[in-house]
1. Any idea which residue in the range 67-90 is nearest to residue 181 (Cα to Cα), counting only those that are more than 16 Å from ligand 2 (Cβ to nearest atom) and of a type in the set (Phe, Trp, Tyr)?
2. Can you pull out every residue in the range 74-130 that is of a type in the set (D, E, K, R), in contact with a strand residue (DSSP E or B) (Cβ under 8 Å, 6 or more places away or on another chain) and outside any loop (DSSP other than H, G, I, E, B)?
3. If the requirement is being small (Gly, Ala, Ser) and within 30 Å of residue 220 (Cα to Cα), which of these qualifies: 161, 125?
4. Across the range 22-39, what is the number of residues that are assigned to a loop (DSSP other than H, G, I, E, B) and either within 8 Å of ligand 1 (Cβ to nearest atom) or β-branched (Val, Ile, Thr) (or both)?
5. Just give me the residues in the range 6-20 being more than 14 Å from the chain's Cα centre (by Cα), within 15 Å of ligand 2 (Cβ to nearest atom) and on the phi < 0 side of the Ramachandran plot, in sequence order.
6. If we keep just the residues of the range 93-118 that are within 16 Å of ligand 2 (Cβ to nearest atom) and among the acidic types (Asp, Glu), which is surrounded by the most Cβ atoms within 10 Å (Cβ to Cβ)?
7. Out of 19, 42, 65, 87, which single residue is within 16 Å of ligand 1 (Cβ to nearest atom), farther than 27 Å from residue 120 by Cα and of a type in the set (Lys, Arg)?
8. How many residues are touching an Asp or Glu at 6+ places or on another chain (Cβ under 7 Å) and within 16 Å of ligand 2 (Cβ to nearest atom) when one looks only at the range 21-46?
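The values are calculated or read from the model by the stated rules, or taken from the named source; none is laboratory data. Remember, it's a predicted structure, so these values are computed and weren't measured experimentally. All Cβ positions, even for glycine, are placed from backbone atoms using ideal geometry, and neighbour counts span all protein chains on display.
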Amino acid sequence: MKKDNSFTVIVLAAGRGERVGGNTKKQFIPVCGRPLLYYSLRTISDSSASAIIIVTSAEDVEYVRNEIVDRYSFSRVKAIVKGGAERYYSVYEGLKSVDTPYVLVHDGARACVSVELVEAVALAATEYGACEAAVPATDTIKLSDEEGFVSLTPARKDVWAMQTPQGFESDLIREAYERLFLSGDLDDITDDAMVVQRAFPDRRIRLVEGSYDNIKVTTPKDILLVETMIKSE
Ligand code: CTP
Ligand code: MG
């Protein structure tokens with residue numbers, strides 16, 4: 001029998017966008033006439049993902065359903081669920097609705113993800129069980145000590161900046177999150193692969209080369225950048 005490689009993509013849109021500021025949360029800021037979140041949903045809908053789960057704040061569920069999912073007919077969205085106060089709680093809420101053997105987690109704030117990258121991460125998830133999109137660091141990165149002095153300069157060729165999507169066997173990432181919450185060790189959790197790493201230190205996590213265009217909208221100037229990229233499509 002053929003192996004079932006189907007995957008769901010969890011799209012995260014439950015953040016408050018504090019660093020962008022303003023009255024509209026960054027995932028809903030209009031870019032070329034459509035809310036930012038529209039763009040990653042469009043790309044994922046063009047991929048071979050079998051389902052999409054959107055995680056958003058309780059107060060935004062209706063808006064996302066009416067003004068994005070229904071309005072643009074994103075028929076592969078199978079659930080819009082309420083997120084939590086931290087990114088890792090939002091991911092965990094999304095995982096509860098996943099019923100495919102593989103799952104990708106994507107930041108809704110990364111509007112410029114490509115279909116090719118979604119497919120590459122999904123493929124690596126089936127091959128390695130855990131993987132994440134990343135790009136080689138362009139700056140030299142330093143680690144610092146508590147007093148603000150340099151403690152270590154890793155070789156630049158070994159340093160990667162993490163992106164999303166990140167891809168996993170669904171059972172593996174679910175188990176990793178359960179262990180995380182049981183341990184209570186929630187400090188500094190900023191991505192999903194590190195949740196797997198903490199729960200299963202022997203597990204190898206594959207890096208999938210992402211793209212420098214796949215930026216996460218984090219500050220107001222990123223909105224302009226994304227707008228330029230979308231216009232030039
Ligand atoms: N996110 C989420 N639930 C949270 C926090 C973040 O779903 N409790 C999502 C965001 O919507 C975003 C992604 O995770 O798509 C990456 O997070 P980040 O860039 O930090 O977004 P915000 O937390 O919204 O921004 P800020 O940290 O500036 O408030
Ligand atoms: Mg945040």
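1. So, considering only residues that are more than 16 Å from ligand 2 (Cβ to nearest atom) and of a type in the set (Phe, Trp, Tyr), the one nearest to residue 181 (Cα to Cα) is 74.
2. Once the filter is applied, which keeps residues that are of a type in the set (D, E, K, R), in contact with a strand residue (DSSP E or B) (Cβ under 8 Å, 6 or more places away or on another chain) and outside any loop (DSSP other than H, G, I, E, B), the range 74-130 yields 78, 82, 87, 93, 107, 127.
3. Among 161, 125, only 161 is small (Gly, Ala, Ser) and within 30 Å of residue 220 (Cα to Cα).
4. The number of residues fulfilling the criteria is 3.
5. Correct list: 16, 18, 19, 20.
6. The extreme case among them is 107.
7. 19
8. So the answer is 0.
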